[in-house]
Amino acid sequence: MPMLTFILLPSVCDASRKRNRSTAGCRRSVHNGGHTVGIPERHHMKITDLKTFCFLDDGGRKYFIVKVETDAGIHGLGEVGITHWGGAVDQAVRHLGDVVIGEDPMATERLWQRMFRGAFFPADKVYGCAISAIDIALWDIKGKALDQPVYRLLGGPVRDRVVCYPHVQGNGTEALLAHCRRAVDDGWKLLRWHLPSAVEGGVETDPSLLDPGQSIELAVEQMAAVREEVGEGIGLCLDIHTRLDTAHTVELCNRLERFRPFFIEDPLRSENAASYRTLARHTNVAIAAGEQWCSKWAFREVIEEELVRYARIDLC
């Protein structure tokens, strides 16, 4: 039976490590590991406002953050994963403010159920991301109020380390090899890069265009070159970003199998699990998927039917 591995993508879920130590409204305490922890009484802490912030980092990557404020002087931060739809998510957050403002921020499960199931029509991906951002912020508040990191409130650590990998860039095979060499020299044991788009002379000319046959040829060439460059001891991952159809994905995976890729990531669109069934029947390489899925129900079929090896779970 294939082993299923869950990969949690970056989020601000553990933002409560930077604790706000305000204990305004505290009326009782508990002892935890020899420390007295103030717990705001339920009727003494209410959600007062939701605010949204969109900004770019130094590399030009966009971030969309939700801030939940309370009358106890404690706030929480949550991250939105699909920043491309930031305007729609912003309106969803404002709409959900009518559900959570005035409520107890410690009641995370009740508020999640009200946000997700509070309307006749189910929440879509935009609303799902807005709900996740608010929920992360509520857990951040809970961690600060209890003076505990969120991972401990969720049950504590299962392991004390996790394997990570960088996403290596490079326009063309030579540039990709240079970045891979640098990453290996820095100590990385896994490398990931993306499926090449429209190319001319081995160099991408337009990332928005993709010729499947041409991209597959270059992807095989690059995988062979990287494997020869870094040796057998380094795990290699290729992110397709759901840009191929099922037939081309089967072809690519079968041609890459001899290079023993660690996984092929998000090869197909998320709307139809049947495509992953076809892929699983016709390929042997490990598949990682799930970055586009926004609920546990979206993962259910592919996990129960063992259609993917690695679950790409994005908390936000």
Requested in this report: Select from segment 144-170 the residues that are under 18 Å from Arg182 (Cα atoms) and either in a loop (DSSP other than H, G, I, E, B) or free of Cβ contacts under 8 Å to residues at least 12 places away in the same chain (or both) and list them in ascending order.
Outcome: Cys164, Tyr165, Pro166, Val168, Gln169, Gly170
Query - Count of segment 35-51 residues which are at pLDDT below 95 and outside any loop (DSSP other than H, G, I, E, B) - result: 9
**Report entry** Yes/no for Gly143 being within 30 Å of Ile216 (Cβ to Cβ) and touching a Gly at 6+ places or on another chain (Cβ under 9 Å)
**Finding:** no
Query raised in the report: Can Glu265 be described as within 19 Å of Lys189 (Cα to Cα), assigned by TED's automatic domain parsing to the domain that holds Arg182, touching a Leu at 6+ places or on another chain (Cβ under 8 Å) and surrounded by 14 or more Cβ atoms within 10 Å (Cβ to Cβ)?
Result: yes
**Report entry** Residues of segment 52-72 satisfying the condition of being out of contact with any Asp or Glu (no Cβ under 7 Å at 6 or more places or on another chain) and at pLDDT 95 or above
**Finding:** Val66, Lys67, Val68, Thr70, Asp71, Ala72
Report summary line: Among the residues of segment 84-106, the number that are touching a Cys at 6+ places or on another chain (Cβ under 7 Å) and assigned to a loop (DSSP other than H, G, I, E, B) is 0
Query raised in the report: Quick one: is Asp140 in contact with a His (Cβ under 9 Å, 6 or more places away or on another chain), buried (at least 22 other Cβ atoms within 10 Å of the Cβ) and within 12 Å of Val68 (Cα to Cα)?
Result: yes
Requested in this report: Being at pLDDT below 85, loosely packed, with under 15 Cβ neighbours inside 10 Å and not in a loop (DSSP other than H, G, I, E, B) is the filter here, so list the residues in segment 204-220 that pass it.
Outcome: Thr205, Asp206
Query raised in the report: Of the residues Leu177, Leu146, which is assigned by TED's automatic domain parsing to the domain that holds Gln292 and aliphatic (A, V, I, L, M)?
Result: Leu177
Report summary line: Restricting segment 191-203 to residues that are modelled with pLDDT of 95 or more and either of a type in the set (S, T, N, Q) or in contact with a helix residue (DSSP H, G or I) (Cβ under 9 Å, 6 or more places away or on another chain) (or both), the one nearest to Arg260 (Cα to Cα) turns out to be Leu191
Query - Qualifying residues in segment 107-137 (those that are surrounded by fewer than 19 Cβ atoms within 10 Å (Cβ to Cβ) and part of a loop (DSSP other than H, G, I, E, B)) - the one farthest from the chain's Cα centre (by Cα) - result: Phe120
Report summary line: Subset of segment 272-300, residues of a type in the set (D, E, K, R) and surrounded by fewer than 15 Cβ atoms within 10 Å (Cβ to Cβ), comes to Arg281, Lys296, Arg300
**Report entry** Any helices (runs of 4 or more DSSP H) falling wholly within segment 240-304 and containing at least 1 residues that are touching a Lys or Arg at 6+ places or on another chain (Cβ under 8 Å) and without any contact (Cβ under 8 Å) to a residue 40 or more places away in the chain
**Finding:** 273-282
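The values are calculated or read from the model by the stated rules, or taken from the named source; none is laboratory data. Keep in mind that what you see is a predicted model, and the values were worked out from it rather than measured. Every residue, glycine as well, gets a Cβ built from its backbone with ideal geometry; the counts of neighbours run over all protein chains shown.
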